[in-house]
Amino acid sequence: MKIGVLTGGGDCPGLNAAIRGVVYRALSRGHTVEGFLDGWKGLLDGRTIPVDRAKVQGLIGKGGTFLGSSRTNPFKSEEGTKKVLSTLESLHVDALVAIGGDDTLTAGRELFRRGGKVVGVPKTMDNDVNATDWTFGFDSASSVAVEALERLRDTADSHHRVIVLEVMGRHAGWVALATGLAGGADYTLLPEEPFQESALVEAVRRGVRTKGYALVVASEGAQVASQLKAGEAAKDDFGHEILQGKGVGPYLAALLEKKAGVETRSAVIGHIQRGGPPTLFDRILATRLAVKAVDLVEAGQFGHVAVLRGSEVVGVPFDEAIGAPKLVSAHWLDLLHTFDS
Ligand code: F6P
């Protein structure tokens, strides 16, 4: 078979490891691999490169994706849909492995519904894809954010300040949760919970009282008043608001300086979280899911996504993996608030 592979949506550490996994498994079974450039955009434009062992050797530890990525939704128009199907046919691609988050997998399901032979591999630093216990990219991005918080601790401690670290994660608070828990924040704000100003101010005052400084972690999607007016936020091709413009970190810093009466700064880590080498966990997870995806192709199990369930990697239908995002659940919130309330 000729197996196509693409990476779509926001990049994250582990994508190269996943492509490499697809390539090694496919070649070892006598197939060839064609890489589509820049996600679904490559299918619209017919831009591909053949991918052999030499192209992926040494890539397991490299961040980003050497195939490129984009937030292109090819099924926004009937014309795009036809283009995708005709590209696959004209290049004689027998099956496609789509590596991405909810948007990429939703596009994959659409292609499957239109007769395309496609399987999915979930990734995202947000860890918000349903049906899989963890997505690769999350561990790496959260580890970077924890390191950032530790650096901010030095400054907060030296200057007796409050520092707010704003992390990404869109409408799921997994990255904020992991950063706050593992970095020992005084308070963590997630999109999943209503904003409780008094609890935040109290936690910050206690931190300052007991150790002379306080650290707050806030998800970019936290439910605080936005600095943007309704409809002002820029949107991507899939209609998602670009949340960095919401200004959660600076908003909280101004509020805390006023309400807690302590000098406060904010730092927005943004895309710094998405680059750099994948952690051990993400390298192994990406590799396992990619190998499973090729196995799903060989078994003719199209319309399925390779996911992690407990310690097993299994295939589940697209419908189980997409739709509503996987949000931080009550038992995680309970754990988090043991340390910040
Ligand atoms: O979905 C991954 C993510 O990093 C989100 O956490 C963030 O809101 C968004 O992508 C940023 O998107 P972009 O890279 O298009 O600015």
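Evaluate the following for Asp334: is it acidic (Asp, Glu) and at pLDDT 95 or above? Spelling it out, Asp334 is indeed acidic (Asp, Glu) and at pLDDT 95 or above. Going residue by residue through region 195-208, is there one that turns out to be surrounded by 22 or more Cβ atoms within 10 Å (Cβ to Cβ) and within 22 Å of the chain's Cα centre (by Cα)? No. Would you pick out the residues in region 286-315 that are among the hydrophobic types (A, V, I, L, M, F, W, C) and surrounded by fewer than 17 Cβ atoms within 10 Å (Cβ to Cβ)? Answer for region 286-315, where residues must be among the hydrophobic types (A, V, I, L, M, F, W, C) and surrounded by fewer than 17 Cβ atoms within 10 Å (Cβ to Cβ): Ala299, Val314. Filtered by the rule that a residue be β-branched (Val, Ile, Thr) and within 16 Å of the ligand (Cβ to nearest atom), region 244-288 gives Val248, Val268, Ile269, Ile272. Scanning for something buried (at least 24 other Cβ atoms within 10 Å of the Cβ), within 16 Å of the ligand (Cβ to nearest atom) and in contact (Cβ under 8 Å) with a residue 60 or more places away in the chain, does region 152-166 turn up at least one residue? Yes: region 152-166 contains one or more residues that are buried (at least 24 other Cβ atoms within 10 Å of the Cβ), within 16 Å of the ligand (Cβ to nearest atom) and in contact (Cβ under 8 Å) with a residue 60 or more places away in the chain. Is it the case, given these coordinates, that Ser142 is farther than 14 Å from Val305 by Cβ and more than 16 Å from the ligand (Cβ to nearest atom)? The answer is no for Ser142.
In the set Asp94, Asp128, Asp102, only one residue is out of contact with any Pro (no Cβ under 7 Å at 6 or more places or on another chain) and acidic (Asp, Glu); that residue is Asp94.
Scanning region 39-46 finds one or more residues that are surrounded by 24 or more Cβ atoms within 10 Å (Cβ to Cβ), of a type in the set (A, V, I, L, M) and touching a residue at least 12 places away in the same chain (Cβ under 8 Å). Here is a check on your reading of the model: is Gly180 surrounded by 24 or more Cβ atoms within 10 Å (Cβ to Cβ), farther than 17 Å from Ser266 by Cα and either more than 16 Å from the ligand (Cβ to nearest atom) or not hydrophobic (A, V, I, L, M, F, W, C) (or both)? Considered against the rule, which asks whether it is surrounded by 24 or more Cβ atoms within 10 Å (Cβ to Cβ), farther than 17 Å from Ser266 by Cα and either more than 16 Å from the ligand (Cβ to nearest atom) or not hydrophobic (A, V, I, L, M, F, W, C) (or both), Gly180 comes out as no. All conditions in (1) under 13 Å from the mean Cα position of the chain (by Cα); (2) crowded, with 23+ Cβ neighbours inside 10 Å hold for Val97, with the sole exception of (1). Restricting attention to region 75-113, the residues that are without any contact (Cβ under 8 Å) to a residue 12 or more places away in the chain and assigned to a helix (DSSP H, G or I) add up to 6.
Filter region 184-194 down to the residues that are within 21 Å of Val146 (Cβ to Cβ) and surrounded by fewer than 21 Cβ atoms within 10 Å (Cβ to Cβ), then identify the one that is farthest from the chain's Cα centre (by Cα). Across region 184-194, the extreme among qualifying residues is Gly184.
For region 114-131, give me each residue that is in a loop (DSSP other than H, G, I, E, B) and more than 15 Å from the ligand (Cβ to nearest atom). Correct list: Arg114, Gly115, Gly116, Lys117, Ala131. Taken together, the criteria place Ser77 among residues that are modelled with pLDDT under 95 and out of contact with any strand residue (DSSP E or B) (no Cβ under 8 Å at 6 or more places or on another chain). Scanning region 316-326 for residues that are crowded, with 17+ Cβ neighbours inside 10 Å, modelled with pLDDT under 95 and in a loop (DSSP other than H, G, I, E, B) returns Ile322, Pro325.
Taking region 254-287 as the search range and keeping residues that are over 17 Å from the mean Cα position of the chain (by Cα) and part of a loop (DSSP other than H, G, I, E, B), which one is nearest to Thr7 (Cα to Cα)? It comes out as Glu263. With respect to being surrounded by fewer than 20 Cβ atoms within 10 Å (Cβ to Cβ) and farther than 27 Å from Arg151 by Cβ, Glu241 fits the description.
The values are calculated or read from the model by the stated rules, or taken from the named source; none is laboratory data. What you see is a predicted model; the values in this text were computed from it and never measured. Virtual Cβ from ideal backbone geometry, glycine too; neighbours counted across all protein chains shown.
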